[in-house]
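Participant: Please see the structure below; I have some questions.
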Amino acid sequence: MKLLYFAWVKTRIGLAGEEVTPPAGVATVAQLMTWLAARGPGYAAAFAEPERLRAAVNQDFAGPEIAVSAGDEVAFFPPVTGG
Amino acid sequence: MIKLQAEDFDIGAELAALTGGQHDIGGLAVFVGLVRAEAAGDGAPAAVEAMTLEHYPGMTRKMLAGIERKAQSRWPLSASLILHRYGRLVPGDRIVMAACASSHRHAAFEACQFLMDWLKTEAPFWKLEERQGEARWVEARKSDEAAQKRWEQG
């Protein structure tokens, strides 16, 4: 699974992206966030307030209940501020 | 047409390219967004000196194309353009341009506003402001979300 981080999510984690293999049982965006939050202090800070985060699965906005699986591109970022 | 670029753009040249050779266009509405030197306040110590736009390249293109398709299905447009810059910009710099051409002005005006309202909430861009050497990520505005929602009722 390919993960991408943007804006302050990237700053807190200290990575723009990474390849991960989550354990069985990580089947949704919400479960992926919980798993990631336990990987270290930077991750814990990035995922401390899930309601302030947005996610995309394969470049479409995805809510917490959306399924994720190996081979997906999953991105985490704050609410967008374009224009 | 969707354009994502770090470089500045020439408004006249973009519009000429967009509408060139089309004789069914009666109105062309254009919005150009600039970086504003937002003053100190709201917890910010000083005015904005620079702004760096980060985006999610693959998804940005996909979302902007989707927004443009929505506008095209809602209004009879002869041509449309969303051009968005990324990278480090300073106050006064052009940041975004939306243009819609139609046979009559109402469709052009409305579609142009629609593009901007949707872009604000759907396009994956983030702004990092610099004030007196301190960088801070800009928070999304509730008013932008309300502006986009308004089109869902109509």
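Each reported figure results from applying straightforward, stated rules to the coordinates on display, with no laboratory input. Quick caveat: nothing in here was measured; it's all calculated off a predicted structure. Virtual Cβ from ideal backbone geometry, glycine too; neighbours counted across all protein chains shown.
Participant: Hand me the GluC sites (Glu not before Pro) from chain A located in a DSSP loop with no more than 16 other Cβ atoms within 10 Å, in residue order please.
Facilitator: A:Glu65
Participant: Once every DSSP H run of n ≥ 4 in the protein assembly as shown is given -39500 (n - 2.57) and the sum is divided by its residues, what mean residue ellipticity at 222 nm do you get, rounded to the nearest 500 deg cm²/dmol?
Facilitator: -10000 deg cm²/dmol
Participant: Please rank B:His104, B:His23, fewest neighbouring Cβ atoms within 10 Å first, as an exposure proxy.
Facilitator: Ascending Cβ contact count within 10 Å gives the list B:His23, B:His104.
Participant: May I ask you to list the trypsin sites (Lys or Arg not before Pro) in segment B:90-154 that are in a DSSP loop and have at most 16 other Cβ atoms within 10 Å of their Cβ?
Facilitator: Hits after loop and neighbour filter: B:Arg141.
Participant: Going by alpha carbons, how many degrees (0 to 90, nearest 10) lie between the helix axis of B:105-122 and the longest principal axis of chain B?
Facilitator: For B:105-122 against chain B, the angle is about 40 degrees.
Participant: Going by how many other Cβ atoms sit within 10 Å of their own, how do B:Val32, A:Val57, A:Val68 line up, fewest first? Walk me through the intermediate numbers first.
Facilitator: Numbers: B:Val32 14, A:Val57 19, A:Val68 22.
Ascending number of Cβ neighbours within 10 Å: B:Val32, A:Val57, A:Val68.
Participant: What nm distance separates the two modelled labels at B:Arg141 and B:Val30, each placed 7 Å from Cα along Cα→Cβ?
Facilitator: 2.3 nm
Participant: Going through segment B:1-86, which trypsin sites (Lys or Arg not before Pro) have at most 12 other Cβ atoms within 10 Å and a DSSP loop state?
Facilitator: Working: sites: B:Lys3, B:Arg36, B:Arg61, B:Lys62, B:Arg69, B:Lys70, B:Arg74, B:Arg85; in loops: B:Arg36.
Within segment B:1-86, the qualifying trypsin sites (Lys or Arg not before Pro) (loop, at most 12 other Cβ atoms within 10 Å) are B:Arg36.
Participant: Relative to the longest principal axis of the C-alpha atoms of chain B, give the angle of the C-alpha long axis of helix B:57-74, reported between 0 and 90° and rounded to the nearest 10°.
Facilitator: 40 degrees
Participant: Here's something else I'd like to know. Quick one: of the DSSP bridges fully inside segment A:1-81, what percent are antiparallel, nearest 5?
Facilitator: About 75 percent, rounded to the nearest 5.
Participant: Using each residue's phi in segment A:50-64, evaluate 6.51 cos²θ - 1.76 cosθ + 1.60 at θ = phi - 60° and report the 3J(HN,Hα) Karplus result to the nearest Hz, with x for Gly and Pro.
Facilitator: Ordered by residue, 3J(HN,Hα) equals x, 5, 8, 10, 10, 9, 9, 10, 6, 6, 10, 3, 9, x, x Hz.
Participant: Any chance you could run the full-extension gain for B:His104 through B:Arg150? It's 0.36 nm times the residue separation minus the Cα-Cα distance, nm to one decimal.
Facilitator: Working: separation 46, 0.36 × 46 = 16.56 nm, distance 2.26 nm.
Roughly 14.3 nm would be gained on extension.
Participant: Using a Förster radius of 30 Å, what is the FRET efficiency between B:Ala44 and A:Ala30 based on their Cβ-Cβ separation? Nearest 0.05, please.
Facilitator: According to the calculation, E is roughly 0.35.
Participant: Across peptide A:74-80, what mean number of C-beta atoms from other chains lies inside 10 Å of a residue's C-beta?
Facilitator: Per residue, the average neighbour count from other chains is 6.
Participant: Return the sequence-ordered ³J(HN,Hα) values of segment A:30-37 in whole Hz as given by the Karplus equation 6.51 cos²θ - 1.76 cosθ + 1.60 applied to θ = phi - 60°, using x for Gly and Pro.
Facilitator: With the stated coefficients, segment A:30-37 comes to 4, 5, 5, 5, 5, 5, 5, 4 Hz.
Participant: How many angstrom lie between the Cα centre of segment B:17-41 and the Cα centre of segment A:1-75?
Facilitator: 36 Å
Participant: Now, a different point. Which percentage, to the nearest 5, of the DSSP beta bridges contained in segment B:2-153 is antiparallel?
Facilitator: Around 90 percent antiparallel, to the nearest 5.
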